[in-house]
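To start, the structure itself, in structure tokens.
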Amino acid sequence: MKIFAHRNLFLRIPRAITMGAFVLSSVAIGSAAYAGEDDDADATSFSQVDHKVKGLKKRVKLLEAQVADLQTQLLPIEVSVDCTPENTISDALAAHSEGTGLLTIRVTGTCTETVVISRSNVVLEGVGAASVIQTPPNGVFGVSIVDNASNVTVRDLTVNGGTAAILAGRGGHAVLKNVVAQQALSGVMALDNGVLDVTGSSIRNNTQGVYAARGGVVSVSNSIVELNTLGVLSFKAGVVNLTSILPDGVTSVAATIVRNNSNGAVARAGGFIELADATIENNQNFGIVVDTGSTVEFFALSATGNRVANNAVGGVLATRNANVVISDVRNTITANGRGIICQNNPSYFAPAGFTVTGNLNGDIIGCTL
């Protein structure tokens, strides 16, 4: 008999019981070993061969089902949404949320909903001029591209209302083509490392037409930004490029135009705006305002460069430790109330040969190289 000590107590366990436990454990271990060796053991009888063939058939069927499922996820899919309460873009996205192939959603009519695109490889396109996404009264964003979704295109659509008509956030990246973004606090917005490439579009009748902050980037090419309170706002590490480079890398002949806003383009609190062949014109106050540690850079790609003209109060106002960098002489600042005004210690740089002429009340005021 075995004796186990526990807290000065002695338990006497019959040897028969310990031997029985040993036998049961040995049987269990042997069964497990046999099950593991069964697949590798050579068949020595017809019944064993038959057993192995049946096992292989089951595995092949399982593999075929898995391959078919993967193929389904990878295949391109096209869906039509004729906007009704029972037929929405959101439902189409939900039905294919697990897919990885290109999902094309064609929209007809007016969809009153908030659309969230959180998967990659999506084309959202309107069919005909009356294709509209209307942000509902309690909605925040009309269309949002989020959660690192990439290869997303929104085209041939009008998007109305919301905090932003179209947002890229949390690493989302989308190309907007032939889009109208209007009647929102911000027409197009990029936040938190979101990226928007806007081309051939109209951003109008918003509080801010184009807005970037917190690492968001908006590139605008061959588009018109007009009739907003602020045409463009770059704020707190946001970047806005007004450029002639299209999303596919080709240079556009048509300039991006920022016009008929209260102020054309504003960089504030560490924002950055790059102008590459843009036109900033006919704004009610200033064409460009850059202040509180922000930067605006004039960079020319074409022979004409940037044009800042006919802005009522002034072409460029730089104030409070802001930076104005003119990288190329191919820029025109003319016919404004004033050309360039520097106040409260901004940094100003211009290359030799750069001139500012033809402004009503002075060309370069308070700026020193």
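Footprinting exposure proxy ranking of Ser327, Ser80, Ser186, Ser244, fewest other C-beta atoms within 10 angstrom first, gives Ser80, Ser327, Ser244, Ser186. In plain terms, the chain from Ala312 to Ala254 could stretch by 18.5 nm, reckoned as 0.36 nm per residue minus the Cα-Cα distance.
In order along the range 160-177, the phi-based Karplus estimate (6.51 cos²θ - 1.76 cosθ + 1.60, θ = phi - 60°) of 3J(HN,Hα) comes to 10, x, x, 4, 9, 5, 9, 10, 10, x, 6, x, x, 9, 9, 9, 10, 10 Hz; Gly and Pro are listed as x. Using only side-chain charges placed at the Cβ, +1 for Lys and Arg and -1 for Asp and Glu, the dipole size of the chain relative to its Cα centre rounds to 1180 debye.
Highest-first packing order for the peptide set 251-261, 203-213, 154-164 is 203-213, 154-164, 251-261, based on the mean count of other beta carbon atoms within 10 Å. Among Thr114, Thr243, the order by Cβ neighbours within 10 angstrom, fewest to most, reads Thr114, Thr243. Distance between the pseudo-spin-label points of Phe349 and Val53 (7 Å out from Cα toward the beta carbon): 8.0 nm.
At what distance in angstrom do the alpha carbon centres of the range 57-127 and the range 295-348 lie from each other? So the two Cα centres are separated by 47 Å.
When the charge dipole of the range 71-365 is built from unit charges on Cβ atoms (+1 for Lys and Arg, -1 for Asp and Glu) and taken about the Cα centre, the candidate among Thr135, Val152, Gly293 whose Cα reaches farthest toward its positive end is Gly293.
Can you match Cα Rg over 2.2 N^0.38 Å to one of these, (1) 1.02; (2) 1.58; (3) 1.14, based on a calculation from the structure here? It is the one labelled (2). The 3J(HN,Hα) values that the Karplus relation (6.51, -1.76, 1.60; θ = phi - 60°) gives for the range 352-357 are, in residue order, 4, x, 6, 10, 10, 9 Hz. Gly and Pro appear as x. Taking a straight line from the alpha carbon of Lys52, these aspartates and glutamates sit under 15 Å away, with near neighbours fewer than eight places off in the same chain left out: Glu37, Asp38, Asp39, Asp40, Asp42.
As I understand it, the dipole of the chain uses +1 on the Cβ of Lys and Arg and -1 on the Cβ of Asp and Glu, about the Cα centre. Which of Gln183, Thr84, Ala212 lies farthest toward its positive end? Value: Ala212.
Computed 3J(HN,Hα) for the range 104-111, one whole-Hz value per residue from the Karplus formula 6.51 cos²θ - 1.76 cosθ + 1.60 where θ = phi - 60°, is 9, 10, 9, 10, 10, x, 10, 9, glycine and proline marked x. In the chain, the longest principal axis of the Cα atoms and the axis of helix 46-74 are about 10 degrees apart. Against the main long axis of the alpha-carbon atoms of the chain, helix 15-38 sits at an angle near 60°. Net length available on complete extension from Arg320 to Asp192 is 43.5 nm, with 0.36 nm assigned per residue and the Cα-Cα distance removed. As a proxy for reagent exposure, ranking Cys111, Cys342 by other Cβ atoms within 10 Å from fewest up yields Cys342, Cys111.
Coordinate-derived values only; no laboratory data. Just so it is clear, the structure is predicted and the values come from calculations on it, not from any experiment. Note that each Cβ is placed from the backbone with ideal geometry, even for glycine, and that neighbours are counted across all protein chains shown.
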